[in-house]
1. It is to be established whether one or more residues within the stretch 141-148 are in the same structural domain as residue 217 (by TED's automatic domain parsing), of a type in the set (Gly, Ala, Ser) and in contact with a Gly (Cβ under 8 Å, 6 or more places away or on another chain).
2. Which of the residues that make up the stretch 166-183 are under 22 Å from the mean Cα position of the chain (by Cα), in a helix (DSSP H, G or I) and of a type outside the set (D, E, K, R)?
3. Tally time: how many residues in the stretch 184-198 are crowded, with 16+ Cβ neighbours inside 10 Å, more than 21 Å from the chain's Cα centre (by Cα) and either aromatic (Phe, Trp, Tyr) or within 24 Å of residue 145 (Cβ to Cβ) (or both)?
4. In the stretch 126-165, which residues are of a type in the set (Val, Ile, Thr) and part of a loop (DSSP other than H, G, I, E, B)?
5. Name the residues in the stretch 184-233 that are closer than 19 Å to residue 113 by Cβ and in a loop (DSSP other than H, G, I, E, B), would you?
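The values are calculated or read from the model by the stated rules, or taken from the named source; none is laboratory data. Since this is a predicted model, take the numbers as computed values, not measurements. Neighbour counts are summed over all protein chains in view; Cβ atoms, including those assigned to glycine, are modelled from backbone coordinates with ideal geometry.
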Amino acid sequence: MYIVANFFSSIVAYCREHWFKLSLLALILVFLYKKELSVNFKVGSKEPKKELKDNKITSTKNNPTEEVPLSIFGSEGTLRRKTEEMPQIDENAKVSYLKRFAQVAVAERKKFGIPASIVLANALRQSYAGQRNFATQSNNHFALPCTEGWIGTSDKYGETCIRHYDNAWLSFRDHSLLITSGSFANLKQFGDKDYKAWAKGLQQNGYPCSSAHLAEDLIAIIEKYRLEQLDKL
C-alpha cells in the first residue's frame with residue numbers, strides 16, 4: 001500500500017513540476033487527432049444520393065469539388081452582339097462568376113452529357129453573372145420559371161413566378177434535368193462537346209425566358225471565354 005501511495009505521489013509531483021510541457025503535449029495530440037479525422041472523412045466521403053420527385057430536387061449537396069484549371073478564362077475578343085436582356089456588367093465580375101461555377105458545370109457534363117460550356121454560358125447569360133435578382137434572392141441561375149408540375153418553393157417578380165432554390169447547386173442540377181428531358185431530350189444526340197448544336201437546339205426547342213438570340217449569345221459567350229475547353233476535361 002505504501003508503494004502504491006508513493007508511486008502516485010511521485011506522479012502528482014512530476015505533473016506539478018512539468019505541467020506546462022504536459023499541457024503543450026496534450027494540445028499537440030488533440031490537434032493531430034482532429035487532423036486525422038478530417039483526412040479520413042474527406043477520403044471516405046461519398047456523393048450523397050439525390051431524389052427527384054415531381055421535378056423537385058431534395059438533395060442539399062454542396063457544389064462539386066472536382067479540380068478545374070481556372071487559367072483557361074481569357075478576356076480576348078468581344079461578344080459579336082449584345083444580348084437583349086443582359087445589362088452592362090463589369091468584365092471582372094463575369095470572369096469571377098465563370099471561375100466560381102466552372103467545377104459545377106464540368107460535374108454536370110460528366111453526369112448528364114451536356115457540354116459544360118453550354119451550362120456555364122447559359123448560367124452567365126440568364127443570371128447576369130450572378131447579379132440578377134433571380135440569382136441573388138432565389139438562387140435561380142437559369143431564370144427557370146414555375147411550371148404546372150413544380151411543387152417546390154417559388155418567388156414572384158412582378159407577374160413572373162420563378163423557382164426558388166436553397167442553394168445555387170440545386171439550380172444547376174434542375175437546369176440539367178430540364179434540358180435533357182421532355183422537348184429537349186433529343187439534344188443528347190449531339191454529345192457533350194458540340195456546343196453550337198446544343199445552343200441552337202435550346203433556342204429551337206423553346207428554352208424558357210429567353211430572347212430570339214439565345215443561340216447566338218451562348219456561342220458568343222463560349223468562344224469569347226474559351227469555355228469549350230471545359231468540354232475536354
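1. No; the residues of the stretch 141-148 include none that is in the same structural domain as residue 217 (by TED's automatic domain parsing), of a type in the set (Gly, Ala, Ser) and in contact with a Gly (Cβ under 8 Å, 6 or more places away or on another chain).
2. Within the stretch 166-183, 168, 169, 170, 171, 172, 175, 176, 177, 178 qualify.
3. Number of matching residues: 4.
4. 147, 151, 153
5. Listed by number, the residues that qualify are 191, 192, 193, 194, 205, 207, 233.
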